[in-house]
Structures are given as C-alpha cells and as structure tokens.
1. Would you check if residue 91 is outside any helix (DSSP H, G or I) and either loosely packed, with under 12 Cβ neighbours inside 10 Å or small (Gly, Ala, Ser) (or both)?
2. Can you tell me which residues in segment 1-39 are assigned to a helix (DSSP H, G or I), among the polar types (S, T, N, Q) and at pLDDT 55 or above?
3. Which residues, taken from segment 64-85, are under 17 Å from residue 22 (Cβ atoms), of a type in the set (Val, Ile, Thr) and either more than 12 Å from the chain's Cα centre (by Cα) or not in a helix (DSSP H, G or I) (or both)?
4. When you look at residue 74, is it surrounded by 14 or more Cβ atoms within 10 Å (Cβ to Cβ) and modelled with pLDDT of 75 or more, yes or no?
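The values are calculated or read from the model by the stated rules, or taken from the named source; none is laboratory data. Note that this is a predicted model, so its numbers are computed, not measured. Cβ placement follows ideal geometry from the backbone for every residue including glycine, while neighbour counts extend to all protein chains displayed.
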Amino acid sequence: MARGTIATLEGRHRAMGGNALRAAVPVLSLFVTHGLTATIWSGILSAAALAAVGVGTSFFTGRSALFSAGRQIAIGALAAAVTFGMGALFGVALAG
C-alpha cells in the first residue's frame, strides 16, 4: 500500500473509535438508573454533548458559541424525533 493510503486508514480507525465514544453518551445513564429517569438523563447528556460539538464548530465557522450549540441541539432533537417517528410508523416499541 502507498503511504498515504495507510495514513488514511489509520485516520478512519481513529474516527470510528471517536464515533463509538460519542454514540455511547446517550447510553451512559442506563448504567446508573432505569426507566423515565434514565431517559431524562440520556436527553440531558445528549444535549450537553451536542452543545459541546456546536461550541467546537463555532471556532471554525465564526458564529457565536450559543448559536452553534443551539443549532447542533436542534439538529440532534430533529434526528431523535425522526428516529422515534420511524419506530412508531413501523410499530417498533421499547421493551421494559
């Protein structure tokens, strides 16, 4: 393999590890509590993580940190609503 290809593959593996960590954020509350309390904490942790990403992007976009955090939270909430809606549409229910 060419040297650039190896570097690209290494970067992808690092990115996948980061994605796995970010994907674990909403699930963290389930290790401590359950039910509605876990759902509420999951939302809070997700919003905090999304806000942190939004603030991080504000350094590159020139927008205010508050605007970028709010935008990121709104996008995350929309994604969650679409996911919930698709589950309801296809008859998928949460167990428990």
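1. yes
2. Once the filter is applied, which keeps residues that are assigned to a helix (DSSP H, G or I), among the polar types (S, T, N, Q) and at pLDDT 55 or above, segment 1-39 yields 8, 19, 29, 37, 39.
3. 83
4. It is false that residue 74 is surrounded by 14 or more Cβ atoms within 10 Å (Cβ to Cβ) and modelled with pLDDT of 75 or more.
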